[in-house]
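K.L.:
Input: one structure, supplied below.
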Amino acid sequence: MNISSNLDLLPRLKLCNLPTPVTRLHRLEQELGSCPEIYMKRDDLIDVGLGGTKGRKLEFLLAEAKEQGADTVVGTGDVHSNCCRQAALAASSLGFDVHLFFRGDRPEKLTGNLLLSHLCDAEFHFMGTEDSDEIDSQINAFITKARQSGKKPYLIPRGGSNPVGALGYVAGTKEILKQEEELGFSFDRIFFATGSGSNQAGLTLGRRIFNMKTCLVPICVRVHPDKQARKEMIAEIATGTARLLKIDEKIGPEDIDLIYDYVGEDYGIPSEQSEYALHTLARLEGIVLDHTYTGKAMYGLMDYIKRGLITPEERILFIHTGGSIGLFK
């Protein structure tokens, strides 16, 4: 079975300037001393909505929306959601009406991701609550009312995390494999921040179906009281993505690793570790990270090296998932 052909047959829009470059972080290597070769995949340079891996998901999600004849895109997330920002800008450019449902209250001033979403005339709905069930109920009520009025809404789940969204990093895995071929070597480990879970689901499935030997090192950015349930959720997304690709592949929770050592207090809260990583990468490489995702994941990589958990003979890839706009919230 030609999995690449199955992937190519699924609805997909060309929204992103792919492949994103892979660059070596020479000065970071020098700073850390005796360490492996460190490379970075620059998904922060994706040009949809000022960058980030959510653009990969949106190529498939918004293609599905068009296939279904939708005229309205509904997104949801935290007030400074990267996914909402990229979804709003991408969907608006395709002619969709955009409605964004945010947890919590409206801030006094629109900054960062909110400001960018406002620029494309996305309509905001601040839920005034953090309760997920209540938020889902309000979104469902909006969708029902929109349909009754003759609109055709399409819901992008939080973080773009469902089997369709996970296709983004199945394709991303294929992209990395081609870049390894061009570089003439394979990476030993891939470090990345894992939040809503679909990037990890796509990478996990992509690694399996393309026979990639690289070890995945997912650094969690959110505290999960039920860690087993979290693994089951990511595995379920990955298995659902396999079904979309018409392949008989089951990913189980035992295939999902989650590393919580660098999450700090919780999601979106800067830590001394993320602050150190941000300053180090800006000073040495001129690359801007963020506190929510990449700062914590980069510190995880640096700590692994400092603790001798990675040998100097290895080659490491760090995926810069974007999100630097979060510094301006």
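The values are calculated or read from the model by the stated rules, or taken from the named source; none is laboratory data. These numbers were taken from a predicted model, which means no experiment stands behind them. No Cβ is skipped: glycine too gets one built from the backbone with ideal geometry, and neighbour counts run over all protein chains shown.
K.L.:
For the range 143-166, which residues satisfy the criterion of being in a helix (DSSP H, G or I) and farther than 30 Å from THR239 by Cβ?
P.N.:
Those that are in a helix (DSSP H, G or I) and farther than 30 Å from THR239 by Cβ: LYS145, ALA146, GLN148.
K.L.:
Report the residue count in the range 75-114 for those that are closer than 22 Å to TYR267 by Cβ and touching a residue at least 12 places away in the same chain (Cβ under 8 Å).
P.N.:
Of the residues in that region, 26 qualify.
K.L.:
Please specify each residue of the range 117-126 satisfying the condition of being under 16 Å from ALA91 (Cβ atoms) and not in a helix (DSSP H, G or I).
P.N.:
Hits for the range 117-126 are CYS120, ASP121, ALA122, GLU123, PHE124, HIS125.
K.L.:
Could you say whether any residue in the range 259-281 is acidic (Asp, Glu), at pLDDT 95 or above, in a loop (DSSP other than H, G, I, E, B) and in contact with a strand residue (DSSP E or B) (Cβ under 9 Å, 6 or more places away or on another chain)?
P.N.:
yes
K.L.:
Confirm whether VAL73 is hydrophobic (A, V, I, L, M, F, W, C), in contact with a His (Cβ under 8 Å, 6 or more places away or on another chain) and in the same structural domain as LYS145 (by TED's automatic domain parsing).
P.N.:
yes
K.L.:
Return a yes/no flag: does the range 60-68 have any residue that is over 22 Å from PRO21 (Cβ atoms), in contact with a Leu (Cβ under 7 Å, 6 or more places away or on another chain) and surrounded by fewer than 21 Cβ atoms within 10 Å (Cβ to Cβ).
P.N.:
yes
K.L.:
Mind listing whichever residues of the range 5-22 are surrounded by 14 or more Cβ atoms within 10 Å (Cβ to Cβ) and either among the polar types (S, T, N, Q) or outside the structural domain of LYS246 (by TED's automatic domain parsing) (or both)?
P.N.:
Answer for the range 5-22, where residues must be surrounded by 14 or more Cβ atoms within 10 Å (Cβ to Cβ) and either among the polar types (S, T, N, Q) or outside the structural domain of LYS246 (by TED's automatic domain parsing) (or both): ASN6, THR20.
K.L.:
Of all residues in the range 287-297 being touching a strand residue (DSSP E or B) at 6+ places or on another chain (Cβ under 8 Å) and over 16 Å from TYR260 (Cβ atoms), which is surrounded by the fewest Cβ atoms within 10 Å (Cβ to Cβ)?
P.N.:
Checked the range 287-297; the qualifying residue surrounded by the fewest Cβ atoms within 10 Å (Cβ to Cβ) is ILE287.
K.L.:
Residues to consider are ILE234, ILE219, ILE247; find the one that is assigned to a strand (DSSP E or B) and either out of contact with any Cys (no Cβ under 6 Å at 6 or more places or on another chain) or buried (at least 19 other Cβ atoms within 10 Å of the Cβ) (or both).
P.N.:
Only one candidate qualifies: ILE219.
K.L.:
May I pose another question? So which residues in the range 139-155 are within 11 Å of HIS99 (Cβ to Cβ) and either modelled with pLDDT under 95 or touching an Asp or Glu at 6+ places or on another chain (Cβ under 7 Å) (or both)?
P.N.:
Correct list: LYS151 only.
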